[in-house]
Amino acid sequence: MESPISLGTSLKSCPARETSGLEGQQAGVMGMDESLSPASLDSVVMAAERHVKSGKYTSTSPINSVVECLDADELIQDVNSGEHEDVFTGTPYVPVYVKLTNGIINNYCQLVDRDGAVTELSHIKSLNAHGVVVDCWWGIVEAWNPEKYVWSGYRELFNIILEFNLKIQIVLAFHEHLGCDGISMPVSLPQWILEIGKENQDIFFTDQGGMRNTECLTWGIDRERVYFDFMRSFRTEFDDLFSKGFISAVEIGMGASGELKYPSFPERMEWQYPCYDKYLQQNLRKAAKLRGHSFWERIPDNAGQYNSRPHETGFFCKRGDYDSYYGRFFLHWYAQTLVDHADNVLSLSNVAFEDTRIIVKVPAVYWWYRTCSHAAELTAGYYNPTNQDGYSPVFEVLKKHSVTMKFECSGLPVLSQENDESLADPEGLSWQVVLNSAWDRGLSVTGENAPSCYDREGYIRVIEMAKPQNDPDHHHFAFFVYQQPSPLDQRSFSDMDFVIKSMHASTSGFGREVYQSLKPAVHQLSERFRANQRQLYTKRQLNQTDFMQSNQISHHTALHKKSASDQKRHHTATS
């Protein structure tokens, strides 16, 4: 197979980029209201509970020191849902990790807001979480030059986390992040990768119209081993944290959005099969010849676009081409390429992270699950029509490498066919993937809530998935990752408290009298918190903009000085 680099070089041998003035600088720290101390919440509630039990509680309380992330209505919701928490009493204990927001580290690998990080970690620690999950971005750490790594911001963040005695799970993110959540900054692939992509666009997934998807690299160049050096650098840089057991697991980003999938539903373009880069084309051509049917070396041209419905296409409709001899060949090749990619990357990760738990995230593609073809899963790389289990080959590879499988639990209810145009079945998919396939193969399984799951009934469905009460084999998640809607959101405290207590199989410590007594003061402080949060976000955005502008000035100044120096040397040599 032809090398991915058109000029005959390696992905690691592109020209160095000027980085003067980028390292060692610190972003300004934005302060928050010092009276907003998360740790003080527990002491206030515990004191209130003691007064209630003794009959001495009054309406006056030192509530001014409470974190303003509880809205009064959320507190009352917790009381009304206390009966749900009792349901999980006596169930298996599942450790909970809380995922930190992406905006905590900026694009120059610097901790943006140390005080904000301390506040968030205090909040998490007060709820008895087992640890936190941190995204480590390839596009930040190795941004400018190959094999030139900047870990300073992550080192500072990890040191703060250790002060709270929290475990750390790492997500090595080898994809781009668009920053559509309104909080975190966008993160691209490394700039030196993008520079190579200008010369050789086939390193990116490509559709039939020639659109290049820069979200991640095509799997056709896996043999370049571009990820291994990054993994090895991380393991070496933080060897002290590994040896002391503070880093408990490493999740390996496998594709679009960090999940093991093709970029089949990208955020910036319509869907088509992304197999038109020359490397995957060569792979398909070779597979067709080995099968003895060279005329099958083509990609379906009747599979529709991103917003197409299965019955509107010739490939995915009932009795469509997906179930023809050619369709079965193509879909098997397409899925096997995904399996081979997982095998290749995990072989390297096991070398880099020996004796460390490795995690791979499998996507939850549940729309069109109640159709014959399961079109959405087919395009994501899982050959899972109604007459076949498309997850078994993937799980066999994960088991081969002793990997923990992570699955995103949507918490969505099953809608009737009349009310659901996408014919989705999140519960059906979850049970197939988790119970009937992963657990039956002896895989260690973990889960996380979907970003859209912030409904109490949804959380209950997620918890029931994490530790099914009627399972005769007593399966349960190895741990659970809680994704916050935003840092210190007004709803996140009560929801996080509910999830952690339910996963830990313990009941709430709040009583109805405490909630009713705290209602007026908490509502007032919740308003203060929202105002403070808006001010913090504005300062963070302004600081980030000023910082980037100052670095651009320093960068251009350095280039100008270098150019002037070169001209002077040239003039001297000419004289």
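The values are calculated or read from the model by the stated rules, or taken from the named source; none is laboratory data. Note that the structure is predicted; figures quoted are calculated from it, not measured. FYI the Cβ positions are ideal-geometry reconstructions off the backbone, even for glycines, and counts take in every protein chain you see. Only protein heavy atoms, including side chains, enter the accessible area calculation; ligands, DNA and RNA are left aside. Shrake-Rupley method; radii C 1.70, N 1.55, O 1.52, S 1.80 Å.
General observations
- Region 289-302, residues that are open to solvent by 100 Å² or more (accessible area, probe 1.4 Å) and either part of a helix (DSSP H, G or I) or in contact with a strand residue (DSSP E or B) (Cβ under 7 Å, 6 or more places away or on another chain) (or both): Lys289, Leu290, Arg291, Phe295
- Of the criteria (1) modelled with pLDDT under 95; (2) outside any loop (DSSP other than H, G, I, E, B); (3) charged (D, E, K, R), which one Asp355 fails: (2)
- Some residue of region 463-471 being farther than 22 Å from Asn128 by Cα and open to solvent by 70 Å² or more (accessible area, probe 1.4 Å): yes
The rows are residues; the columns are (1) among the basic types (Lys, Arg); (2) open to solvent by less than 30 Å² (accessible area, probe 1.4 Å); (3) not in a loop (DSSP other than H, G, I, E, B).
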residue: Gly139; (1), (2), (3): no, yes, yes
residue: Val150; (1), (2), (3): no, no, no
residue: Asn159; (1), (2), (3): no, no, yes
residue: Ile168; (1), (2), (3): no, yes, yes
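- One residue from Ser430, Ser452 being surrounded by fewer than 20 Cβ atoms within 10 Å (Cβ to Cβ) and of a type in the set (S, T, N, Q): Ser452
- Scanning region 330-382 for residues that are open to solvent by 20 Å² or more (accessible area, probe 1.4 Å) and within 27 Å of Trp296 (Cβ to Cβ) gives His332, Gln336, Asp340, Asp343, Asn344, Trp368, Thr371, Cys372.
- One residue alone among Gln336, Gln305 is part of a loop (DSSP other than H, G, I, E, B) and under 27 Å from the mean Cα position of the chain (by Cα), and that residue is Gln305.
- The set of residues from region 310-320 being part of a loop (DSSP other than H, G, I, E, B) and out of contact with any Asp or Glu (no Cβ under 8 Å at 6 or more places or on another chain) comprises Thr313, Phe316, Cys317, Lys318, Arg319, Gly320.
- The set of residues in region 396-428 being farther than 23 Å from Asn449 by Cα and at pLDDT 80 or above consists of Glu396, Val397, Lys399, Lys400, His401, Ser402.
- The single condition from (1) modelled with pLDDT of 95 or more; (2) open to solvent by 50 Å² or more (accessible area, probe 1.4 Å); (3) in contact with a Ser or Thr (Cβ under 7 Å, 6 or more places away or on another chain) that Lys286 fails is (3).
- Entry remark, region 383-399: residues being among the charged types (D, E, K, R) and either open to solvent by less than 20 Å² (accessible area, probe 1.4 Å) or over 11 Å from Leu443 (Cβ atoms) (or both) number 1 in total.
- Checking Thr206 against (1) farther than 22 Å from Val360 by Cβ; (2) modelled with pLDDT of 95 or more; (3) of a type in the set (Ser, Thr, Tyr), the condition it does not meet: (2)
- Matching residues, region 307-326, being open to solvent by 100 Å² or more (accessible area, probe 1.4 Å) and either in contact with a helix residue (DSSP H, G or I) (Cβ under 9 Å, 6 or more places away or on another chain) or within 30 Å of Asn200 (Cβ to Cβ) (or both): Lys318, Tyr325
Yes/no matrix, rows are residues, columns are (1) among the aliphatic types (A, V, I, L, M); (2) not in a strand (DSSP E or B):
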{"site": "Arg155", "(1), (2)": "no, yes"}
{"site": "Leu172", "(1), (2)": "yes, no"}
{"site": "His175", "(1), (2)": "no, yes"}
{"site": "Leu189", "(1), (2)": "yes, yes"}
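- Filter pass, Phe330 being of a type in the set (Phe, Trp, Tyr), touching a Phe, Trp or Tyr at 6+ places or on another chain (Cβ under 9 Å) and farther than 25 Å from Phe295 by Cβ: no
- Which numbered condition Glu448 fails, given (1) in contact with a strand residue (DSSP E or B) (Cβ under 8 Å, 6 or more places away or on another chain); (2) on the phi > 0 side of the Ramachandran plot: (2)
- If you filter region 87-104 down to residues that are among the aliphatic types (A, V, I, L, M) and farther than 30 Å from Pro186 by Cβ, you find that the one that is modelled with the highest pLDDT is Val94.
- Single match in Asn532, Asn436 (criterion: surrounded by fewer than 16 Cβ atoms within 10 Å (Cβ to Cβ), at pLDDT below 90 and either farther than 25 Å from Tyr97 by Cα or touching a Phe, Trp or Tyr at 6+ places or on another chain (Cβ under 7 Å) (or both)): Asn436
- From Glu120, Glu156, residue being modelled with pLDDT of 95 or more and acidic (Asp, Glu): Glu156
- With respect to being modelled with pLDDT under 90 and under 22 Å from His474 (Cβ atoms), Val445 falls outside the description.
- Residue match in region 260-278 (condition: open to solvent by less than 10 Å² (accessible area, probe 1.4 Å) and touching a Cys at 6+ places or on another chain (Cβ under 9 Å)): yes
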